[in-house]
Structures are given as C-alpha cells and as structure tokens.
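Below: one structure, written as structure tokens.
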Amino acid sequence: MIIFRKRVAGLSEAALERFVKRACRAAGVKGAVDVLVTTSRELQALNDRFRKRNKATDVLSFPPMPGLRNELAGDVAISAEIANRSARQLGHSVAQEIKILALHGILHLAGYDHENDRGRMARKEMQLRTLFSLPNGLIERSAPAENLRQQRSRRFYAADRQAPRKSGEARPERSRRAVRATAP
C-alpha cells in the first residue's frame, strides 16, 4: 500500500506501487511493503520514537512484527520535503529521489545494513539503481565525504612520518594545522 500524506510532483500512487513491487522482486523481498510519503515533522517523530534520534531524516524502514513476516515485509517512511530538497540540490526529479529512498528502505527490509556489511548494501544498491536507471543513491552520496576524511587523515599521517635524514639534520616541525588536528 502506498500512502501520500504529502504529494510529490510527477509521481502517482500507482507509479510508486509498481516501482516498489519491481524493487522488492529485484532485492529478494518477500511479502508486501507499505510506503508512507509524508512530512519531515512526521519522520522526525518516528525517528525519535523508534530510534531515539529527535531529528528529521529522509527515510526509515520498519521490519514487520513477529508473526506477520510471511504477509508483510515491512514499512518504509519517506520525507517528501527532504526528498524535494535533495532532488533540487542533486539536479534530478523528486520522483526519482522518492524511488531512490524507497529502494534504500527496501534493501534494509531485505536485511542489508550499510553500517556493518563492508559495502555489500552499497554494491546491491548500485546494481539496482543501474537496473532502474536511477541516479546516485544515499550510500554513494555519503561516500565522498568519508573518502575525503580518509584522504585528509592519510595526508596528515604521511606528512608526520619522518623521511630519512642525514646526520645532524634537524627534523622538520609539524605545521600548526597538524598540531591542532592531534589535540584532544
């Protein structure tokens, strides 16, 4: 079942329902997935209630209650407002962004967990986004920031390593920026 509490330009309930069914088949999800497209305020309330994080988020997944696993695969809740903002920033349609978020939620319902699976969910999300002709997904969007942090960290430690010195040659001082980076 698809519920739009907040309408999305260019995306009907029927179109999102068709996409969700195709995504569930491709992800190996058995059972129905209900999708709620709503406000950031409602996502914030759900996030606070179920994850103890009192802030709005773009997508949440809820596995089914025990005993309903055969009929219901779970629920996905999506913030139309955050999807709209992300779509504008990334240069694609809100309808595509809603599908990206739905796919991400469906993969969580399929048992994927990008925080602990060493890239397994990211690979599956990329494969399915390619299949459905969707732009970059959530995991890839966060990867550049993480890669940048890792590069900066490597650069800092590389600059801090000693190069072989000739006898009597003083060790170069660390930059003020490097010293700040190591302070507790």
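FYI, it's all coordinate maths here, none of it is from the lab. Please read these numbers as outputs of a predicted model, since none were measured by experiment. Here Cβ is always computed from backbone atoms with ideal geometry, including for glycine, and neighbour counts include all displayed protein chains.
Computing FRET efficiency as 1/(1 + (r/R0)^6) for Asn116 and Lys52, where r is the C-beta to C-beta distance and R0 is 25 Å, gives about 0.85. Residue-wise HN-Hα couplings along the stretch 124-136, as the Karplus relation 6.51 cos²θ - 1.76 cosθ + 1.60 with θ = phi - 60° gives them from phi, are 5, 4, 5, 4, 6, 5, 5, 4, 9, 6, 9, x, 3 Hz; Gly and Pro carry x.
Using a cut-off of under 19 Å, list every residue of the stretch 27-48 whose amide N is near the label point 7 Å from the Cα of Ile3 along the Cα-to-beta-carbon line. The answer is 32-48. Electrostatic bookkeeping for Asn54 treats Lys and Arg as +1 and Asp and Glu as -1; over the other residues with beta carbon under 14 Å from its beta carbon, the sum is +4. The Cβ shell under 14 Å around Arg22 holds other residues with a net charge of +4, Lys and Arg each +1, Asp and Glu each -1.
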